[in-house]
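The next block holds one structure in the form of structure tokens; read it before the comments.
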Amino acid sequence: MPTISTQPFSDQKPGTSGLRKSVSVFQQPHYLENFVQSLFDCIENLHGQTLVLGGDGRYYNRPATQIILKMAAANGVARVKVGQGGILSTPAASCVIRKCQALGGIILSASHNPGGPTGDFGLKYNISNGGPAPEKVTDAIFARTQTIDRYKISDAPDIDLDQLGESQVDSLIVEVIDPIEDYAKLMESLFDFEQIHQLLTNGQFRMCMDSLHAVTGSYAHRIFEQRLGAPVGTVQNGTPLEDFGGGHPDPNLVYAHDLVKVLFGDNAPDFGAASDGDGDRNMILGRKFFVTPSDSLAVLAANATLVPGYQTGLAGVARSMPTSQAVDRVAAQLGIHCYETPTGWKFFGNLLDAGSATLCGEESFGTGSNHIREKDGLWAVLFWLNILAVKQQSVEQIMQDHWRLYGRNYYSRHDYENVNSDRASALVVKLREMIPTLKGKQFGAYEVEYSDDFSYVDPVDGSVSQRQGIRIGFTDGSRIIFRLSGTGTQGATLRIYFERYEANASQHHLDPQEALADLIAIANDLAQVRTVTQMEAPTVIT
Ligand code: VG1
Ligand code: CO
């Protein structure tokens with residue numbers, strides 16, 4: 001079996017969600033191979049095991065799949081289940097890993113980052129629970145990439161990824177599977193498909209699903225149009241493309257502009273949704289109405305018992321630290337615990353495995369549950385449809401009622417993309433220095449109650465993750481949070497998160513940017529954001 005000698009690349013440290021780099025970086029000789037061999041070297045008892053493999057279909061998905069299959073063969077893996085065409089959405093991969101009790105899986109995706117020859121590519125390893133590898137695993141892989149000097153790869157020919165069924169690369173059995181079937185069955189076991197079918201075919205309710213030319217196109221066609229009977233055309237931008245049609249496959253008000261045009265236009269449908277490159281994010285819209293991801297998580301938690309898969313109630317909920325505290329209020333009402341974790345889905349895995357949390361969410365358009373170990377875009381859309389089918393109310397009505405009951409957590413995130421990395425790091429250092437001086441300080445109507453750099457102790461395994469974002473909390477519960485992105489591939493992305501609680505129902509109709517204007521000004525002032533970023537305004541506001 002050919003063993004190829006190689007030299008380390010210094011930049012193979014996985015970020016918030018796997019290793020993400022531009023395609024041209026991944027295409028360098030030995031780059032992908034080094035990382036995959038480092039991963040294989042870190043997996044105990046790889047020999048004779050089953051792995052799952054698939055990606056979001058972006059440019060370089062197919063060649064990377066062939067390389068990984070040949071390396072799996074050379075490293076003694078017994079069986080790889082690979083999605084047809086090399087495709088598996090991230091949630092579907094998690095579903096398959098769990099269902100076939102695989103040792104783990106490799107997901108090829110840079111998620112919401114643009115694709116194509118000049119876009120990004122990525123690789124993520126998921127462990128046997130179906131979830132992203134925890135930090136101790138990714139740290140070990142990175143350490144291995146720094147000393148690697150050889151990798152093993154079979155010289156067998158490429159296999160046919162389009163033909164369902166089994167074939168062989170040397171002694172490795174490659175099983176090409178339908179990427180949708182197991183996932184669709186799982187969805188059917190959680191939601192009331194009959195009731196959703198009635199809603200979608202009653203002649204009154206209309207929905208629009210925008211797959212942004214990314215991986216959920218085929219999943220959405222099969223589930224919404226074929227299984228649930230929604231009219232053909234319900235799914236738009238539903239043909240997966242290697243470059244996502246040149247767009248950002250990121251479901252927010254900026255990048256999902258086609259959907260926004262439909263839902264905020266004349267004769268708008270009742271419900272709109274979009275998902276990202278690899279299908280784990282979701283955006284929910286009503287007619288001329290946007291649901292923030294943080295509010296969406298709170299609504300799902302408050303209404304979970306209306307849905308068959310969650311009718312016995314929730315064990316607990318979890319949210320990433322920058323996600324708004326809307327779900328905390330629901331948890332308090334339900335008498336269940338709300339966990340606060342660092343950004344990144346990998347931190348939810350232990351809580352889900354331990355049965356401590358049932359629903360999880362992030363402000364970055366990620367929502368999910370214990371049905372798999374990844375966030376799940378179409379799952380969130382089906383969850384909303386199930387609630388709408390039971391309640392027979394509009395999205396806006398459900399949200400207004402929710403705010404009346406719990407109060408509204410005004411929320412927004414401002415991103416400054418492609419900032420000079422040194423300047424961005426300097427900003428964080430300066431804020432860290434400021435932390436001890438802030439408590440008790442008054443900024444207009446706001447008084448600082450606490451300030452820290454968020455640190456998390458995993459309640460299950462005791463592992464500690466430090467420096468996860470600078471928090472400034474005010475006495476009225478408002479928060480400003482600063483952190484640098486761990487998924488970008490160009491310069492640094494500064495994210496600033498704003499949150500303010502409003503109990504008074506007569507104040508629930510404001511534009512979030514207005515409602516948060518004072519906090520936005522405080523953040524600018526404290527961190528000198530404009531000067532540091534040399535930008536007048538954020539590049540993306542969500
Ligand atoms: C971003 C989001 C985070 C999410 C991660 C992966 O990370 O903020 O909440 O888990 O992307 O999502 P960062 O480090 O750039 O803020 V995905 O759908 O890109 O896998
Ligand atoms: Co994603």
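The values are calculated or read from the model by the stated rules, or taken from the named source; none is laboratory data. Please read these numbers as outputs of a predicted model, since none were measured by experiment. Glycine gets a Cβ as well: all are built from the backbone with ideal geometry, and neighbour counts include every protein chain shown.
For the stretch 452-542, no helices (runs of 4 or more DSSP H) sit wholly inside it while including 1 or more residues that are over 22 Å from the mean Cα position of the chain (by Cα), within 16 Å of ligand 2 (Cβ to nearest atom) and at positive phi.
Only residues that are free of Cβ contacts under 8 Å to residues at least 60 places away in the same chain and either part of a loop (DSSP other than H, G, I, E, B) or not hydrophobic (A, V, I, L, M, F, W, C) (or both) were counted in the stretch 25-59, giving 11. The combined condition, being within 16 Å of ligand 2 (Cβ to nearest atom), part of a helix (DSSP H, G or I), in contact (Cβ under 8 Å) with a residue 24 or more places away in the chain and within 11 Å of the chain's Cα centre (by Cα), is not fulfilled by LYS375. When we screen ALA326, ALA357, ALA380 for residues that are within 20 Å of ASP280 (Cβ to Cβ), more than 13 Å from the chain's Cα centre (by Cα) and surrounded by 24 or more Cβ atoms within 10 Å (Cβ to Cβ), the only hit is ALA357.
Of the residues GLY130, GLY76, which single one is closer than 29 Å to SER10 by Cα and touching a helix residue (DSSP H, G or I) at 6+ places or on another chain (Cβ under 7 Å)? Talk me through it step by step, then tell me what you get.
Details: GLY76 fails: touching a helix residue (DSSP H, G or I) at 6+ places or on another chain (Cβ under 7 Å).
Unique residue meeting the criteria: GLY130.
Regarding ALA515, is this residue buried (at least 18 other Cβ atoms within 10 Å of the Cβ), in contact (Cβ under 8 Å) with a residue 60 or more places away in the chain and over 30 Å from GLY122 (Cβ atoms)? Spelling it out, ALA515 is indeed buried (at least 18 other Cβ atoms within 10 Å of the Cβ), in contact (Cβ under 8 Å) with a residue 60 or more places away in the chain and over 30 Å from GLY122 (Cβ atoms). Scan the stretch 405-421 and tell me whether some residue there is assigned to a loop (DSSP other than H, G, I, E, B), surrounded by 24 or more Cβ atoms within 10 Å (Cβ to Cβ) and modelled with pLDDT of 95 or more. No - not one qualifying residue is present in the stretch 405-421. Assess whether ALA110 counts as being at negative phi, away from ligand 2 (no atom under 16 Å from the Cβ) and either modelled with pLDDT of 95 or more or not in a loop (DSSP other than H, G, I, E, B) (or both). When the stated conditions are applied, ALA110 does not pass them.
Tell me, please, whether a residue that is at pLDDT 95 or above, more than 16 Å from ligand 2 (Cβ to nearest atom), of a type in the set (Gly, Ala, Ser) and in a loop (DSSP other than H, G, I, E, B) can be found in the stretch 147-154.
Residues of the stretch 147-154 at pLDDT 95 or above: 147-154.
Okay, now just the ones that are also more than 16 Å from ligand 2 (Cβ to nearest atom), so 147-154.
Filter again for of a type in the set (Gly, Ala, Ser), leaving 154.
Those left that are additionally in a loop (DSSP other than H, G, I, E, B): 154.
Yes, because at least one residue in the stretch 147-154 is at pLDDT 95 or above, more than 16 Å from ligand 2 (Cβ to nearest atom), of a type in the set (Gly, Ala, Ser) and in a loop (DSSP other than H, G, I, E, B).
So how many residues does the stretch 458-480 have that are without any contact (Cβ under 8 Å) to a residue 12 or more places away in the chain and out of contact with any strand residue (DSSP E or B) (no Cβ under 6 Å at 6 or more places or on another chain)? Number satisfying all stated conditions: 1. What number of residues within the stretch 143-158 satisfy the criterion of being buried (at least 18 other Cβ atoms within 10 Å of the Cβ) and in contact with a Lys or Arg (Cβ under 7 Å, 6 or more places away or on another chain)? Total meeting the criteria: 2. With respect to (1) away from ligand 1 (no atom under 16 Å from the Cβ); (2) surrounded by fewer than 19 Cβ atoms within 10 Å (Cβ to Cβ); (3) within 22 Å of the chain's Cα centre (by Cα), the lone exception for VAL82 is condition (2). Residue pairs whose Cβ atoms lie under 6 Å apart, sitting 6 or more positions apart in sequence or on different chains, and linking a residue in the stretch 260-281 that is closer than 30 Å to GLY18 by Cβ and more than 16 Å from ligand 2 (Cβ to nearest atom) to a partner that is of a type outside the set (D, E, K, R) and modelled with pLDDT of 95 or more, are GLY272/CYS208; GLY272/LEU259; GLY272/LEU263; GLY272/LEU285. When GLN397, GLN393 are checked against the criterion of being out of contact with any Ser or Thr (no Cβ under 7 Å at 6 or more places or on another chain), without any contact (Cβ under 8 Å) to a residue 12 or more places away in the chain and in a helix (DSSP H, G or I), a single residue qualifies: GLN397. For LYS13, indicate whether it is surrounded by fewer than 17 Cβ atoms within 10 Å (Cβ to Cβ), within 16 Å of ligand 1 (Cβ to nearest atom) and not acidic (Asp, Glu). When the stated conditions are applied, LYS13 passes them. Inside the stretch 315-355, residues that are assigned to a helix (DSSP H, G or I) and closer than 27 Å to LEU484 by Cβ make up a count of 11. When the residues of the stretch 4-27 are filtered to those that are of a type in the set (Ser, Thr, Tyr) and modelled with pLDDT of 95 or more, the one that is farthest from LEU123 (Cα to Cα) is SER5.
Of everything in the stretch 98-109 that is over 12 Å from VAL215 (Cβ atoms) and in contact (Cβ under 8 Å) with a residue 60 or more places away in the chain, the residue that is nearest to ligand 1 (Cβ to nearest atom) is ILE106.
Evaluating ILE541 against the criteria (1) surrounded by 17 or more Cβ atoms within 10 Å (Cβ to Cβ); (2) within 16 Å of ligand 1 (Cβ to nearest atom); (3) of a type in the set (A, V, I, L, M, F, W, C) leaves one unmet condition, (1).
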